[in-house]
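The values are calculated or read from the model by the stated rules, or taken from the named source; none is laboratory data. Here the structure is a predicted model, which means the values were calculated and not measured. Methodologically, a virtual Cβ is constructed for each residue, glycine included, from the backbone with ideal geometry; neighbour enumeration extends over all protein chains shown.
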Amino acid sequence: MNFLSLIESKRDGRALTADELRQAVSAFTAARIPDYQMAAFLMAVYLQGLDAKETRALTLAMRDSGDVLSFPADERPVVDKHSTGGIGDKVSLPLVPLLACLGFRVPMIAGRGLGITGGTLDKLDSIPGFKTALPPEQIREIIQTVGCLISGQTARMAPADRGMYALRDVTGTVPSIPLIVASILSKKLAEGLQALVLDVKFGVAAFMPTKERARELARAMVAIGTECGVQARALLTAMDTPLGRAAGNWLEVVEAVHCLEGHGPADLEGLVLACAAHLLLQTGRERSLETALERARQCLVSRRPRQKWDEMLEAQGADLERFNQRLAQGHTAPVVLGLRAWKPGFISRCDARILGEAIRDMGAGRITKEATLDYEAGVDGLAKIGERVEPGSLLARFHGTDPARVEQARERSKAAFAIAEEKPDKRELIAEVVSP
Ligand code: URA
């Protein structure tokens with residue numbers, strides 16, 4: 001294969017064949033294409049785009065660049081959820097055990113934080129002993145016995161994406177819809193799924209700033225996912241304000257457990273139940289969204305998902321005794337500072353981008369690839385839009401290890417809040433559902 005000709009074809013706007021894309025991905029995975037040529041190809045794709053046929057071929061070629069998980073035939077469908085990421089988005093943590101209790105198998109392969117958005121694996125790393133690197137044999141065993149797990153991508157899963165993503169990250173080619181579709185779906189398809197629900201976020205702290213771009217991405221992922229044999233559906237959800245009342249690795253784990261114990265924040269619980277309900281519909285286990293939501297709610301309040309969470313933690317090596325001791329302590333950071341309301345009124349803004357940047361800079365996220373995380377750092381007790389406050393009411397608590405950084409985060413975060421005389425109109429978290 002002459003990769004230079006492929007770069008030139010794409011540069012000049014010609015469509016590539018499935019065979020050409022497959023050969024290119026396989027040569028890149030085998031290190032037979034240098035990074036500078038792949039970077040040029042990615043830029044050509046960024047500028048010229050890929051049509052639906054090319055996007056599907058690229059997705060499948062990337063999926064097949066490594067192992068594809070497979071599970072024995074079983075009455076429990078294999079399903080998963082993917083979120084494009086946001087501040088305080090800890091939906092996966094309560095959702096995965098809930099889905100297992102609803103009769104699904106969930107081999108969730110999750111990622112680390114990207115930009116200001118938190119990553120599920122980083123949150124799980126705050127749990128003593130929890131292992132996020134599992135070999136395929138152990139993934140299969142846990143899925144068949146426990147029914148769910150959350151692991152990182154194994155070295156042999158979609159390796160083409162790892163290399164291509166690293167190049168996109170440093171060549172300004174991340175925001176390309178066909179490349180995002182192929183990147184996300186190649187990893188999800190490598191889990192051997194039957195159904196996938198996608199949470200595509202839009203707003204100030206989302207990967208896609210506008211609802212229109214989020215819709216475009218959602219439609220492309222649903223279409224390609226469906227063509228690749230997965231029952232796919234997407235929810236478009238707002239990400240202007242954090243999800244729940246906590247953001248930061250350990251604090252989000254605590255809030256996820258509260259959700260499993262029936263006292264999580266309403267927006268988090270609503271989104272967890274919605275994702276579960278849509279998967280029940282997608283797999284034909286329920287016929288209406290109403291009955292599916294009710295079934296998911298009944299399952300959550302039964303506390304079985306809370307027990308399943310413990311089972312999953314144990315199967316993945318967590319020290320449950322230490323975990324439960326830390327949970328009982330609530331927060332464990334040495335420094336905790338409150339931010340208080342300066343006048344009476346209603347919370348009309350709680351900007352997720354400002355808070356996300358402040359939390360990341362306290363150590364909850366990465367500023368460099370090598371950065372080590374402060375798992376305690378973050379915010380909780382967040383006041384939600386529409387809530388009434390009086391002067392001195394708590395707007396948020398900032399947790400961390402370094403007093404100067406925590407104080408700085410608190411100062412910066414004042415700008416995230418606005419207090420209005422009138423109660424703002426309620427905005428629905430789930431703006432749209434995109435079906436095949
Ligand atoms: N997440 C991914 O895994 N890939 C992308 O391209 C963007 C977000």
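Here are a few things to note about the model shown:
- Unmet criterion (only one of (1) of a type outside the set (Gly, Ala, Ser); (2) part of a helix (DSSP H, G or I); (3) in contact (Cβ under 8 Å) with a residue 60 or more places away in the chain; (4) out of contact with any Cys (no Cβ under 7 Å at 6 or more places or on another chain)) for residue 268: (4)
- Screening residue 419 on (1) part of a loop (DSSP other than H, G, I, E, B); (2) of a type outside the set (Phe, Trp, Tyr); (3) over 27 Å from the mean Cα position of the chain (by Cα) shows it passes everything except condition (1).
- Those helices (runs of 4 or more DSSP H) lying entirely in the stretch 128-199 with at least 2 residues surrounded by 17 or more Cβ atoms within 10 Å (Cβ to Cβ) and within 16 Å of the ligand (Cβ to nearest atom): 159-169, 177-189
- Residue, surrounded by the fewest Cβ atoms within 10 Å (Cβ to Cβ), within the stretch 59-88, restricted to residues that are of a type outside the set (Val, Ile, Thr) and within 30 Å of residue 246 (Cβ to Cβ): 85
- For the stretch 97-109, the criterion of being in contact with a Ser or Thr (Cβ under 7 Å, 6 or more places away or on another chain), in the same structural domain as residue 194 (by TED's automatic domain parsing), within 16 Å of the ligand (Cβ to nearest atom) and not polar (S, T, N, Q) is satisfied by at least one residue.
- Candidates 7, 33, filtered to the one that is crowded, with 19+ Cβ neighbours inside 10 Å and more than 21 Å from residue 158 (Cα to Cα): 7
- Number of positions in the stretch 1-45 that are among the hydrophobic types (A, V, I, L, M, F, W, C) and assigned to a loop (DSSP other than H, G, I, E, B): 6
- Subset tally (residues that are in a helix (DSSP H, G or I) and either away from the ligand (no atom under 16 Å from the Cβ) or under 17 Å from residue 106 (Cβ atoms) (or both)) for the stretch 200-218: 3
- Search result, residues across the stretch 388-412 that are surrounded by fewer than 21 Cβ atoms within 10 Å (Cβ to Cβ) and more than 15 Å from residue 340 (Cβ to Cβ): 401, 402, 403, 404, 405, 408, 412
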